[in-house]
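K.L.:
Pasting a structure here, questions to come.
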Amino acid sequence: MWIWNLMNNQSLRNALRVFERTEENYIEALRERGLTFADADARHDAIDELRRQLADRGAEMRNGGASIRVGWLSPACVECTGANGSETFSTTFKCHRDCYFCFNYNLADYDKFVEEGCPWEEVMQQAAQSTGGKMAVVGLTGGEPLLNFADTLAFLARAHELFGDAHKRMYTSGDLLTREMAEQLRDAGLDEIRFSIKQDDTDEQRERVLANMQMATEYIPSVMVEMPIIPGTDDAMRDWMRRFDEAGIDGMNLLEFCFPFHSWEEFAKRGFELRNPPFDVMYDYNYSGGLAIDGSEQLALELMLWAMDEGLSFGMHYCSLDNKHRSEMRQMNEVGRDMHPCFSFDEEDFFLKSGKVFGKDVEIARKRLQAAGCTDYIESTHEHSLAFPLGFVDALAGTRCTPVVSYNVLERDDQGRYLREVGLEVL
């Protein structure tokens, strides 16, 4: 009945159309630049089925399903979208690898930081001052931190001075790691090392990285692999994952593979297309990873199920592009959890949400809400709408109303904070 009501509610249709056009215009602008998108929701049913199978087998669906956990999970992954403080720094953008999907090129002052190194000491000091030294996890990435090992050790020492017993992790391609380095990293307080695997390595490089991975388990408390899951690499990934298990790693982050807004020709020649729709909620996110590649999520979930069947011992974590955005949403929106009774802070996806009705539904909804004891609602004559706390949505059951969920972000400008509606979802 609600679908019929939707078709006869012009105000609601107009409101929904605003966000539909935003997505359509975004996709069309990128298509004009030569980028290719998959058909809309082409893999939706297959992915839903994989998620159902994982959940049935005990996988934990986190952050509104943007993160999927099987077994051990790094404390850093927990705090990435947690409330106790997480920050990642770089000492250098220099790297001896050249991955076509690297998103460092998107970062401000990339060329400068490649040549001169990153102002990590200044940035760490600012972070310590803004948080009062309360930081649960601290990360060191690159570039390749092992290219300037003295700075890496200095970073760990300074992190301990500023943030005490915060969990400390480091990302590396792994081929430069030596036993002496691993020992020094342990002594400097490194809690976790993450190997970023490059799938097109030569056999010699691959064996060196795997040997270093196994060696690292002798020194570093937690050893992980973190890598994008590239469509079409099914067999290669299964082989890698068997070898990871033999190396004795603690966990693996399976990342959704992304296009970082450069070198599209490298993606196109491999036959890749962009996921469509590009985001679960359209927004101008700050994360530099770019746009998800179609097929990456499906393969990642298939690999997780396969690994469970194989009995691989390490923990697995699927980290989607949407999960990367969750951290940003929490940082922006949590401060507004008590800003108005109409808006609730969603503990899963971290948007500020309200219920909403439009057009001819407003009068019916107002009476029903008042009868149910709802005294906090916001009426707009401009868009002919009424916003109300989501907890009262059941009060509209049995009516001809079509309620929607309003997704909101708490933005900030020179005048202060303000709420911006970024999406509507028909219930």
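Any read-out appearing in this document is the output of simple, stated calculations on the displayed coordinates, not a laboratory observation. Bear in mind that the values here come from a model prediction, so they are computed numbers and not experimental data. Cβ coordinates were reconstructed from backbone atoms using ideal geometry, including for glycine residues, and neighbour counts include every protein chain displayed.
K.L.:
Based on alpha-carbon centroids, what's the gap between the range 42-79 and the range 173-248 in Å, whole number please?
P.N.:
What the calculation gives is 23 Å, centre to centre.
K.L.:
Short version: ³J(HN,Hα) in whole Hz for each residue of the range 162-171, in order, from phi by Karplus 6.51 cos²θ - 1.76 cosθ + 1.60 (θ = phi - 60°), x for Gly and Pro, what are they?
P.N.:
7, 10, x, 8, 4, 5, 10, 10, 9, 9
K.L.:
Can I ask one more? What's the extension gain from residue 180 to residue 366 if we count 0.36 nm per residue and subtract their Cα-Cα distance? Present the calculation step by step, with values, prior to reporting the outcome.
P.N.:
Working: separation 186, 0.36 × 186 = 66.96 nm, distance 7.00 nm.
Full extension of this stretch gives 60.0 nm more.
K.L.:
In whole Hz, what ³J(HN,Hα) sequence does the range 368-375 give by Karplus (6.51, -1.76, 1.60; θ = phi - 60°), x for Gly and Pro?
P.N.:
Computed from phi, the couplings for the range 368-375 are 5, 5, 4, 5, 8, x, 7, 10 Hz.
K.L.:
Taking other Cβ within 10 Å of each residue's Cβ, how do 317, 44, 340 sort, fewest first? Spell out each step's value before the answer.
P.N.:
Numbers: 317 27, 44 10, 340 14.
So the residues, fewest neighbours to most, are 44, 340, 317.
K.L.:
Is the C-alpha gyration tensor of the range 39-142 telling us rounded, prolate or oblate? Criteria: a/c under 1.5 is rounded; beyond that, a/b larger than b/c is prolate, otherwise oblate.
P.N.:
It is oblate, given that a/c is not under 1.5 and a/b is not larger than b/c.
K.L.:
Given a cut-off of 32 Å, name the pairs among 168/198; 269/353; 134/198; 94/269 whose C-alpha atoms lie farther apart than that in the structure shown.
P.N.:
Values: 168/198 23 Å; 269/353 41 Å; 134/198 34 Å; 94/269 27 Å.
From the list (168/198; 269/353; 134/198; 94/269), the Cα-Cα distance tops 32 Å for 269/353; 134/198.
K.L.:
Further question on the same structure: Points 7 angstrom from Cα along the Cβ direction at residue 129 and residue 411: gap in nanometres?
P.N.:
Placing both labels 7 Å beyond Cα along the Cβ direction yields 2.9 nm.
K.L.:
Please list, ordered by chain and number, the residues whose modelled amide H lies under 5 Å from the amide H of residue 254; skip anything fewer than 5 residues away on the same chain.
P.N.:
Placed amide hydrogens put 317, 318, 319 under 5 Å from residue 254.
K.L.:
Taking the Cα centre as origin and putting +1 on Lys and Arg beta-carbons and -1 on Asp and Glu beta-carbons, what dipole magnitude results for the range 34-326, to the nearest 20 debye?
P.N.:
Details: 27 positive and 51 negative charges, 100 e Å.
Dipole of the range 34-326, to the nearest 20 debye: 480 debye.
K.L.:
For the chain, what is the mean residue ellipticity at 222 nm derived from helices alone (per DSSP H run of n ≥ 4: -39500 (n - 2.57); sum divided by total residues; nearest 500 deg cm²/dmol)? Could you put the intermediate results ahead of the total?
P.N.:
Values: 14 runs with 163 residues, N = 427.
Calculated at 222 nm, the ellipticity per residue is -12000 deg cm²/dmol.
K.L.:
In whole Å, how far is the Cα centre of the range 135-159 from that of the range 261-308?
P.N.:
First find each Cα centre; the distance between them is then 29 Å.
K.L.:
Can you list the cysteines of the chain that have no other Cys Cβ under 4.7 Å away?
P.N.:
Isolated Cys, the chain: 77, 80, 95, 118, 258, 319, 342, 374, 401.
K.L.:
Taking every DSSP beta bridge with both residues inside the range 34-326, roughly what % is antiparallel (nearest 5)? Don't skip to the answer; put the middle values down first.
P.N.:
Values: 10 of 39 bridges.
Expressed as a percentage, antiparallel bridges in the range 34-326 total about 25.
K.L.:
Something else: Could you give me the ³J(HN,Hα) list for the range 137-147, computed from phi with Karplus coefficients 6.51, -1.76, 1.60 and θ = phi - 60°, whole Hz, x at Gly and Pro?
P.N.:
Result, ordered by residue: 9, 10, x, 10, 10, x, x, 10, x, 6, 5 Hz.
K.L.:
Pop a pseudo-label 7 angstrom from the Cα along the beta-carbon direction at both residue 39 and residue 269 and give the gap in nm to one decimal.
P.N.:
The two pseudo-label positions are separated by 2.9 nm.
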